[in-house]
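Take a look at the structure below.
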Amino acid sequence: MKRENEVVKVISCPPLTEGNVSTDLWSSVRMPSGIGCSTVLGADEAALAAAKILASHDYMVFGRILCLQLNNLNKLLAAEKAMQK
């Protein structure tokens, strides 16, 4: 039974098929007012969004996400530097 004042985190990850990408995406974006929803387009992004929700209560998860983001930033900066040469 659902409680009325329960706070629930929602991650929307519509399936990526050629025939209904726009329909599924719009159904995820058009949520009723008052319902916050994270919309992502892949399983990796959905896992990262869920980990960020968990990181608000677990410092180990927060640290791993921070390291992942720092590594991604370093890769992007290295790729940009390589493109400028």
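No value in this document is a laboratory result; all are computed from the given coordinates. Small disclaimer: the values here were computed from a predicted structure and weren't measured. All Cβ positions, even for glycine, are placed from backbone atoms using ideal geometry, and neighbour counts span all protein chains on display.
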Residues of region 29-77 being polar (S, T, N, Q), under 23 Å from residue 7 (Cβ atoms) and without any contact (Cβ under 8 Å) to a residue 24 or more places away in the chain, in sequence order, are 33, 56
Consider region 34-85. How many of its residues are polar (S, T, N, Q), part of a helix (DSSP H, G or I) and within 20 Å of residue 8 (Cβ to Cβ)? 0
Tell me whether region 15-28 contains one or more residues that are touching a strand residue (DSSP E or B) at 6+ places or on another chain (Cβ under 8 Å) and either in contact (Cβ under 8 Å) with a residue 12 or more places away in the chain or not charged (D, E, K, R) (or both). yes
